[in-house]
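Following: one structure in structure tokens, then a few remarks.
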Amino acid sequence: MSNQVIFVAGAGFMGHSIAQVAATAGYRVALYDLKPEVTEQALQKIRWSLEKLKSKAPDTTPEPDAVLARISPCVTLDPAAEAALVIEAIAEVPDWKEELFRRLDKVSPEETVFATNTSAIPVSRLAAATSRPDRFCGMHFFAPVPLMKLVEIIRGLDTSNATIATAMTYARAFGKEPVEVKRDIAGFIVNRILLAACVEAMRVLESGAGDAASIDHAMRLGCGYKMGPLETCDLSGLDVILHAVNAIYEDTGDPKFKAPAILQRLVAAGHLGRKTGRGFYTYHDPA
């Protein structure tokens, strides 16, 4: 296992967390981003996360230095030439993802499996940018990645059974519980359901029926949620949420996924949730 390289494209919130769980599982990881300062910040965040996990479970958690030693930051795609698995985790902009996959397709060996961590964009659309749609799937992780067990494994129109099996094997090796999404619908299983609830929570907020804290508190108490829908949006990033609901709306035309004005205004103002210190809530410790 330790001889296999996993190439993670995107060192942001999701990308560096995926790199962390892969390295914790014993894989060598190439963590790519365009800007070296982003990968440097990512390594600092990974160390913080590993040290926090170590403090809570010292006997069962690996040493942070050992995990970090398996992660190599990079600003070129060259390390993808050695990768058995490529996981893309850049911003939810289809054109950006397609261009990245076109470039990766030229660098990576023919047998390399490609996976996208998109939360809502149809996998088949991204696979079409490559010469390997049979070896292309979705691997949708959930935040916070080190703690959340689920990984959705999404089958595109041309994804082979072998590719699904490979993705399932990696997910389990990462300590996750994979669920196969058998049909490539925008939003897949969880976000198709969850984002509908999140959008409706925003509309309730806009209506004045309750403030953000009341809406989330009611959903936690009434539905057993650990986090309310607006808290969840802030954690995920409101820009990510906006891209996701737009992708589902574009794919389905269903008006329940049309982005509410409050979401559009917050994103336009740069208030993206925990990572910027302000979203539906104000935070003193941005992620």
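Sort out which residues of the range 20-39 are part of a helix (DSSP H, G or I), touching a helix residue (DSSP H, G or I) at 6+ places or on another chain (Cβ under 7 Å) and either free of Cβ contacts under 8 Å to residues at least 60 places away in the same chain or open to solvent by less than 10 Å² (accessible area, probe 1.4 Å) (or both), and write them in order of number. Quick ask: steps written out before the conclusion?
Narrowing the range 20-39 to residues part of a helix (DSSP H, G or I): 20-24, 36-39.
From the residues that got through so far, the ones that are touching a helix residue (DSSP H, G or I) at 6+ places or on another chain (Cβ under 7 Å) too are 20, 23-24.
Across the range 20-39, the qualifying residues are Gln20, Ala23.
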Return the residues of the range 74-100 that are in contact with a His (Cβ under 9 Å, 6 or more places away or on another chain) and under 18 Å from Ala19 (Cβ atoms); say none if nothing qualifies. Ala89, Ala91
I'd like the residue in the range 162-178 that is surrounded by 15 or more Cβ atoms within 10 Å (Cβ to Cβ) and in contact with a helix residue (DSSP H, G or I) (Cβ under 9 Å, 6 or more places away or on another chain) and, out of all such residues, is farthest from Glu111 (Cα to Cα). Lys176
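Might you check whether a residue that is open to solvent by 60 Å² or more (accessible area, probe 1.4 Å) and more than 14 Å from the chain's Cα centre (by Cα) occurs anywhere in the range 127-137? First the steps, then the outcome.
Here is the first cut: in the range 127-137, the residues open to solvent by 60 Å² or more (accessible area, probe 1.4 Å) are 128, 131.
So of that shortlist, the ones also more than 14 Å from the chain's Cα centre (by Cα) come out as 128, 131.
So far as the range 127-137 goes, yes, one or more of its residues are open to solvent by 60 Å² or more (accessible area, probe 1.4 Å) and more than 14 Å from the chain's Cα centre (by Cα).
Can you find, within the range 217-258, the residue that is farthest from Arg125 (Cα to Cα) among those that are among the hydroxyl-bearing types (Ser, Thr, Tyr) and open to solvent by 70 Å² or more (accessible area, probe 1.4 Å)? Outline the logic, then answer.
Going residue by residue through the range 217-258, those that are among the hydroxyl-bearing types (Ser, Thr, Tyr) are 225, 232, 236, 249, 252.
If we keep only those that are open to solvent by 70 Å² or more (accessible area, probe 1.4 Å) as well, we get 225, 249.
Details: Tyr225: 33, Tyr249: 15 Å.
So the residue we want is Tyr225.
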Close pairs (9 angstrom Cβ cut-off, 6 or more residues apart or separate chains): among the basic types (Lys, Arg) in the range 201-219, open to solvent by less than 60 Å² (accessible area, probe 1.4 Å) anywhere: Arg203/Pro260; Arg203/Ile262
Scan Ala42, Ala81 and give me the residue that is in contact (Cβ under 8 Å) with a residue 24 or more places away in the chain, within 17 Å of the chain's Cα centre (by Cα), within 30 Å of Ala129 (Cα to Cα) and in a helix (DSSP H, G or I). Ala42
Hey, can you tell me all the residues within the range 192-216 that are surrounded by 13 or more Cβ atoms within 10 Å (Cβ to Cβ) and hydroxyl-bearing (Ser, Thr, Tyr)? Ser214
Restricting the first residue to the range 269-285 and requiring it to be under 15 Å from Leu242 (Cβ atoms), which pairs with a second residue that is surrounded by 18 or more Cβ atoms within 10 Å (Cβ to Cβ) and among the hydrophobic types (A, V, I, L, M, F, W, C) meet a Cβ separation below 6 Å and a spacing of at least six or different chains? Leu272/Leu238; Gly273/Leu238; Gly279/Leu238; Phe280/Ala212; Phe280/Leu230
Test: Leu238 is free of Cβ contacts under 8 Å to residues at least 60 places away in the same chain, more than 26 Å from Ala25 (Cβ to Cβ), touching a strand residue (DSSP E or B) at 6+ places or on another chain (Cβ under 6 Å) and not charged (D, E, K, R): yes
Could we say that Thr76 is in contact with a strand residue (DSSP E or B) (Cβ under 8 Å, 6 or more places away or on another chain), more than 17 Å from Gly156 (Cα to Cα) and of a type in the set (Ser, Thr, Tyr) here? yes
Filter the range 82-118 for residues that are among the aliphatic types (A, V, I, L, M), open to solvent by 30 Å² or more (accessible area, probe 1.4 Å) and closer than 28 Å to Leu50 by Cβ and give the result. Ala84, Ile90, Ala91
Given the range 203-279, what helices (runs of 4 or more DSSP H) lie entirely inside it while holding 2 or more residues that are in contact with a His (Cβ under 6 Å, 6 or more places away or on another chain)? none
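Take the conditions out of contact with any Asp or Glu (no Cβ under 6 Å at 6 or more places or on another chain), open to solvent by less than 40 Å² (accessible area, probe 1.4 Å) and of a type in the set (A, V, I, L, M) and apply them to Met148. Does it pass? Show your work before the answer.
On the way: out of contact with any Asp or Glu (no Cβ under 6 Å at 6 or more places or on another chain): yes; open to solvent by less than 40 Å² (accessible area, probe 1.4 Å): no; of a type in the set (A, V, I, L, M): yes.
No.
Could you tell me whether Thr282 is farther than 21 Å from Lys97 by Cβ, within 18 Å of the chain's Cα centre (by Cα) and surrounded by fewer than 21 Cβ atoms within 10 Å (Cβ to Cβ)?
Working: farther than 21 Å from Lys97 by Cβ: yes; within 18 Å of the chain's Cα centre (by Cα): no; surrounded by fewer than 21 Cβ atoms within 10 Å (Cβ to Cβ): yes.
Criteria not met by Thr282.
The values are calculated or read from the model by the stated rules, or taken from the named source; none is laboratory data. Values in this document were obtained by computation on a predicted structure and should not be read as measured data. Cβ sites come from the backbone with ideal geometry, for glycine too, and all protein chains shown count toward neighbours. Areas reflect the complete protein model, heavy atoms only, side chains present, ligands, DNA and RNA absent. Shrake-Rupley method; radii C 1.70, N 1.55, O 1.52, S 1.80 Å.
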